[in-house]
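Peer 1: The following block contains the structure, expressed as structure tokens.
The values are calculated or read from the model by the stated rules, or taken from the named source; none is laboratory data. Nothing here was measured: the structure is a model prediction, and the numbers come from that model. Methodologically, a virtual Cβ is constructed for each residue, glycine included, from the backbone with ideal geometry; neighbour enumeration extends over all protein chains shown. The accessibility values were calculated without ligands, DNA or RNA, using every heavy atom of the protein model including side chains. Shrake-Rupley method; radii C 1.70, N 1.55, O 1.52, S 1.80 Å.
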There are 2 protein chains.
Amino acid sequence: MVGEPTVGDVFGEMIRDAYAVATGIGPRPLVGGRLPRPVIEIIERDDGLVNGAPTEHYLAGPADWQPYDHRAVDRVRGRTLDVGVGAGRIALHLQERGVPVVGLDTSLGALRVCRHRGLRDVVHGTVDQHVADGHRYDTFLLLGNNLGLIEGRERAPAFLAALAALARPGAQVVAHGTDPYGTTDPVHTGYHERNRRRGRLGGQLRLRLRYRQLGTEWFDYLVCSVEELAELVHGTPWRLTDVDTADAPYYLATLTLAR
Amino acid sequence: MVGEPTVGDVFGEMIRDAYAVATGIGPRPLVGGRLPRPVIEIIERDDGLVNGAPTEHYLAGPADWQPYDHRAVDRVRGRTLDVGVGAGRIALHLQERGVPVVGLDTSLGALRVCRHRGLRDVVHGTVDQHVADGHRYDTFLLLGNNLGLIEGRERAPAFLAALAALARPGAQVVAHGTDPYGTTDPVHTGYHERNRRRGRLGGQLRLRLRYRQLGTEWFDYLVCSVEELAELVHGTPWRLTDVDTADAPYYLATLTLAR
């Protein structure tokens, strides 16, 4: 198939290059072998939509964070697992403040950058895989829109069960989500409709990331309303105990272990 | 095919949105219906390589141009055809300076933006199609890397013949190219090798542009050395009379009508 990417560690390669641009450490992509090229994340959706996004935010320090990131960090207490730690911007900040924090990611390249930046505890894998490692936590962070990792109705129970298996009594999840339904853009409203007709949640995105010659497999990533989240949490070991909508359409959802 | 774009005026939609961002005129793409999204050009190559590039440069004023753009404009004389006029940055500047200039583009959306910005003479189509319109020119501009429009060995003679058919006696072409062979990146050197094995020029890129849900058909776009350009020009009505390599790997090639 012409133009198809090779499956690989898209996120890791991208973060490595973004880190090279930000710090001068390691080679960075060039135009014509000489001129710097910006590092852009490319996100394809299964309806043919493609978006490019600059990657500087993955390495941003607290001064450049969004307000909800600060409010999420203020909620942290106890041993903390940063789920989808990325380049480590949140975990490094917590570590500096003396919080015992572990960074979890499925991208080896991203974890390599975390280590290089000084993050001491990193784990490669999914939340499910991490259960066997024996670590237990008081706080789970799903920032950078990583509430999306609950994927949809099929995956959410198992994902939340894995977090519960990793949880100490009284543990909390602090998750950053986005309500996708404020748009009137037919590209998006049509996509939401199509999803619902197929029995999926409206904002259950089917995506693939690309960077240079690499692509991920297609995966589900959920963008949902607070009401949809409440339904997904219902019947799991978690209760939705707080929703902060001060930066709508973004929100911070706090789940608390029910038992 | 999952994730495939719809064929359409990719460049026009992208330039319209970039113009909306730069000026506040017209709706612009949003995240979650509220937050501005940067306008990124996405370029796929037939080996699966994909790059994203910010689009501000299409609307840049002379203060933000590259040095070779200024030197190209200094070479302009007489009636001028800006081939692949884009958002009109060069043509508008020439028009302000009193140069009789026509902007040619295959993108209706781009020409709409040019008109909105005040460019008086725009023509929709290719150089071949424009021959029948009866206009004749002293200078042809192929800026923004648009030397690439000569595509390769097959297309170059017809493209240069069309320019000759549009030319007044003594006419010139001022073309911006990039020497692609300075890189040691195996992603690129391997691509060049594969091209050569297939009888193509090393930097004869097979590309498609994408923006949101739209994609172009796959097309050839040539990035070549000055030596390769000299070969392509040989035997056509044009002579390669000057090469300005002050900003290598970029160069400005001037062709002069031989008769």
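Peer 1: With a 10 Å cut-off between alpha carbons and a GNM built on chain B, which of B:18, B:165, B:248 moves the most?
Peer 2: Of B:18, B:165, B:248, the most mobile in the Gaussian network model is B:248.
Peer 1: Same structure, new question: Can you list, bin by bin at 10 Å, the percent of alpha carbon pairs in the protein assembly as shown, starting at 0?
Peer 2: Calculated P(r), rounded to whole percents: 4, 17, 25, 22, 15, 10, 5, 1, 0.
Peer 1: Using only DSSP helix segments of four residues or longer, with each worth -39500 (n - 2.57), what per-residue ellipticity at 222 nm results for chain A after dividing by its residue count and rounding to 500? Working shown, then result.
Peer 2: Values: 8 runs with 73 residues, N = 259.
For chain A, the value works out to -8000 deg cm²/dmol.
Peer 1: A further question on this structure: Please grab the % of Cα pairs in segment B:23-163 that end up more than 22 Å from each other.
Peer 2: 45
Peer 1: Given a 1.4 Å probe and the protein chains all in place, what does the accessible area of residue B:207 round to, in Å² to the nearest 10?
Peer 2: 10
Peer 1: Add +1 for every Lys or Arg and -1 for every Asp or Glu among the other residues with Cβ under 9 Å from the Cβ of residue B:95, and state the total. Display every interim value, and only then the final one.
Peer 2: Details: positive: B:97, B:120; negative: B:96, B:121.
Neighbourhood net charge equals 0.
Peer 1: Ok, one more. Which of B:84, B:152, B:118 sits closest to the plus end of the dipole of segment B:49-207, meaning its Cα is farthest towards the positive end, when Lys and Arg get +1 and Asp and Glu get -1 on the C-beta?
Peer 2: Result: B:152.
Peer 1: Where is the GNM fluctuation largest for chain B (alpha-carbon springs, 10 angstrom cutoff): B:97, B:200, B:115?
Peer 2: Checking each option, the largest mean-square fluctuation is seen for B:97.
Peer 1: Another question about this same structure. In whole percent, and with a 1.4 Å probe on the protein chains, what portion of the accessible area of segment A:1-142 is carbon and sulfur?
Peer 2: Details: 3180 of 6120 Å².
Result for segment A:1-142: 52 percent of the exposed heavy-atom area is carbon or sulfur.
Peer 1: What is the spin-label model distance, in nm, from residue A:161 to residue B:71 if the labels are put 7 Å beyond Cα along the C-beta direction?
Peer 2: Label at residue A:161, label at residue B:71, 6.7 nm between them.
Peer 1: Dimensions of chain B along principal axes (Cα, Å, largest first)?
Peer 2: Largest first, chain B extends 59, 47, 35 Å along its Cα principal axes.
Peer 1: Counting only heavy atoms of protein chains, what accessible area per residue, in Å², does the protein assembly as shown have with a probe of 1.4 Å?
Peer 2: Working: 22050 Å² over 518 residues.
Heavy-atom accessible area per residue stands at 43 Å².
Peer 1: Here's something else I'd like to know. Run through segment B:183-249 and list the chymotrypsin sites (Phe, Trp or Tyr not before Pro) located in a DSSP loop whose Cβ has at most 15 other Cβ atoms within 10 Å. Let's see the in-between values first.
Peer 2: Numbers: sites: B:191, B:211, B:218, B:219, B:221, B:238; in loops: B:218.
Those satisfying the criteria are B:218.
Peer 1: For q values of 0.17 Å⁻¹, compute log₁₀ I(q)/I(0) with the Debye formula on a Cα-only model of segment B:1-86, without solvent.
Peer 2: These q points yield log10 I(q)/I(0) values of -0.95.
Peer 1: Follow-up. Give the distance, in whole Å, between the Cα centre of segment A:177-204 and the Cα centre of segment A:109-144.
Peer 2: So the two Cα centres are separated by 31 Å.
Peer 1: Let me confirm one metric for peptide A:36-45, namely the mean number of other chain beta-carbon atoms within 10 Å of its residues' beta-carbons.
Peer 2: Numbers: counts 0, 3, 5, 2, 9, 2, 7, 1, 7, 4.
Taking all residues of A:36-45 together, the mean is 4.
Peer 1: Here's another thing I want to ask about it. What is the antiparallel percent of DSSP beta bridges lying wholly in the protein assembly as shown, to the nearest 5? Don't jump to the answer; show the numbers that get you there.
Peer 2: Working: 62 of 96 bridges.
Looking only at bridges with both residues in the protein assembly as shown, the antiparallel portion is about 65 percent.
Peer 1: How far, in whole Å, is the nearest Cβ of chain A from the axis relating it by rotation to chain B, and which residue carries it?
Peer 2: So the chain A residue sitting closest to the axis is A:52, 2.
Peer 1: Count charges around residue B:47 for me, please; just the other residues with Cβ under 15 Å from its Cβ, Lys/Arg as +1, Asp/Glu as -1.
Peer 2: On the way: positive: A:210, A:212, B:45, B:194, B:196, B:197, B:198, B:200, B:206, B:208; negative: A:4, B:44, B:46, B:185, B:193, B:220.
For residues surrounding residue B:47, the net value is +4.
Peer 1: Hey, for a label at residue B:258 modelled as a point 7 Å past Cα toward Cβ, could you say which residues of segment B:136-160 have their backbone N under 16 Å away?
Peer 2: Backbone N within reach: B:156-160.
Peer 1: Once both labels are modelled 7 Å past Cα along the beta-carbon direction, what's the residue B:154-residue B:37 spacing in nm?
Peer 2: Those two pseudo-labels are separated by 3.5 nm.
Peer 1: Over the heavy atoms of residue B:198, what accessible area does a 1.4 Å probe trace out, to the nearest 10 Å²?
Peer 2: Its heavy atoms expose roughly 130 Å² to the probe.
Peer 1: Taking the simple approach of a point 7 Å from Cα along Cα-to-Cβ for both residue A:193 and residue A:243, what is their distance in nm?
Peer 2: Rounded to a tenth, the inter-label distance reads 2.5 nm.
Peer 1: Chains A and B: how much accessible area gets covered up at their contact, both sides added, probe 1.4 Å, in Å² to the nearest hundred? Display every interim value, and only then the final one.
Peer 2: Values: alone 12680 and 12650 Å², together 22050 Å².
Buried: approximately 3300 Å² between B and A.
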